[in-house]
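Reviewing the structure listed below.
The values are calculated or read from the model by the stated rules, or taken from the named source; none is laboratory data. Treat the numbers as computed from the prediction; the structure is a model and nothing was measured. Don't worry about glycine lacking a Cβ; one is built from the backbone with ideal geometry, like all the others, and counts go over all protein chains shown.
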Amino acid sequence: MRIAVVGRGLIGSAAARHLALAGAEVILIGPDEPEDRSSHTGVFASHYDEGRITRQLDSHPFWAEVSRASIARYAEIEAASDLRFFTAAGALHAGPATSDWIARIGAGADASGVPHRRMTGTEAAEAFPMLWFSPDWTVFHEAASAGYISPRRLVLAQTRAAERAGAQVIRAEVTGIDTGDSGATLRLADRTVQADTVLVATGGFTPGLLPDLPLTVYARTVALLEVDAMEATRLAAMPSMVTMLENGRDPYILPPIRYPDGRRYLKIGGDPDDLVLRDAQDARAWFRSGGRPEVGAALAEHLHRRMPGLRAAAPVIAPCVTTFTPGDLPLIDRLDPRRCVAVAGCGKGAKCSDELGRRAAELALGGAPDPRLTLSALTEAA
């Protein structure tokens, strides 16, 4: 069976690796990262970055389940590709002790058996003096199998491992998909590609290929604050952290990470509102825009409140997108005899993308979909 995976992002590259390991004839199609985003007219991807929080605990059982499965294979992927993408810095989950979110994190921690330490805000402040916590907060600390990944390097690792397992990679954009009784035809700028089955994993640009799916694509802005070598040394023991504030906002912070320009940046994300991107044209314009300066400034202000005494440069902002379904679960389903789809990380998909890709690969090979992740189930959730 010849399977074309459209989308060389986190889920698509993972699916290609699993398909190749299963013995399928695999073609993974997707462009490289553009050299100049401001003038690029094609598709973009949110994995053009060096920092995503990875953790096993989650307030939702499904996301905890797929995160644990993916994290357990990080070492396997690194070995298969000779590329390191995971840093075990640990992760914190912090919020008001009486919040439902903290209660769900605690219930999941107890049920899963994931090693963790539960602390008061005061205890957490003593353990991590570079961070500030309200005394009436509860903080969960995962010390092992948590921290952060480089999504850029993870995609490169999955792609390389897929190629080593026999997959063919075409570094181009798919502009259309035609299906018929004999298979599928994928239209590229300079050629067409034939396949028996197509798996579409194109993230926030999926509506351009499959316009009738119940997906909502949001524009997101992140702030990167450069720290010098001395400050990076002071923050060397800092874990990744996700918080849930009293106002319902959920900013996340990553420790100093070295970026391709050789500098180290703290990263913070968590938009105060939702900016919906209506179509692929909107998404292209958003990536070229560079993000919203006012959001970047607010994120930087929050970071300085969370990290008293921080010495950092003015924020540099960057754009990305997140794709959601009505049920806040990924869509992994067969649309018809020739087309499958695997999309919507719902703001949580990077760390668990290998398991999402594995499930998508099983589906493309003829397996049954998870009933929670089907088009009908997610449409009903609306």
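State which residue pairs qualify: first residue surrounded by fewer than 17 Cβ atoms within 10 Å (Cβ to Cβ) and inside segment 110-139, second residue among the polar types (S, T, N, Q) and not in a loop (DSSP other than H, G, I, E, B) in any location, beta carbons under 7 Å apart, and separation of 6 or more residues or different chains.
R118/T138; T120/T138; P135/T120; P135/T122
Return a yes/no flag: does segment 33-44 have any residue that is among the hydroxyl-bearing types (S, T, Y) and outside the structural domain of T192 (by TED's automatic domain parsing).
Among the residues of segment 33-44, not one is among the hydroxyl-bearing types (S, T, Y) and outside the structural domain of T192 (by TED's automatic domain parsing), which makes the answer no.
Residues of segment 160-186 being under 25 Å from the mean Cα position of the chain (by Cα), assigned to a loop (DSSP other than H, G, I, E, B) and farther than 27 Å from T41 by Cα, which ones?
Listed by number, the residues that qualify are A165, A167.
What pairs come out if I take residues in segment 43-55 that are at positive phi and pair them with residues that are at pLDDT below 95 whose C-beta lies under 6 Å away, six or more apart or interchain?
Going by the 6 Å Cβ cut-off, there are no qualifying pairs.
In this structure, does A72 turn out to be out of contact with any helix residue (DSSP H, G or I) (no Cβ under 7 Å at 6 or more places or on another chain), aliphatic (A, V, I, L, M), more than 25 Å from R372 (Cα to Cα) and surrounded by fewer than 19 Cβ atoms within 10 Å (Cβ to Cβ)?
No, not satisfied.
Looking at T374, T379, which one is surrounded by fewer than 23 Cβ atoms within 10 Å (Cβ to Cβ), closer than 27 Å to V5 by Cα and modelled with pLDDT of 95 or more?
So the residue among T374, T379 that is surrounded by fewer than 23 Cβ atoms within 10 Å (Cβ to Cβ), closer than 27 Å to V5 by Cα and modelled with pLDDT of 95 or more is T374.
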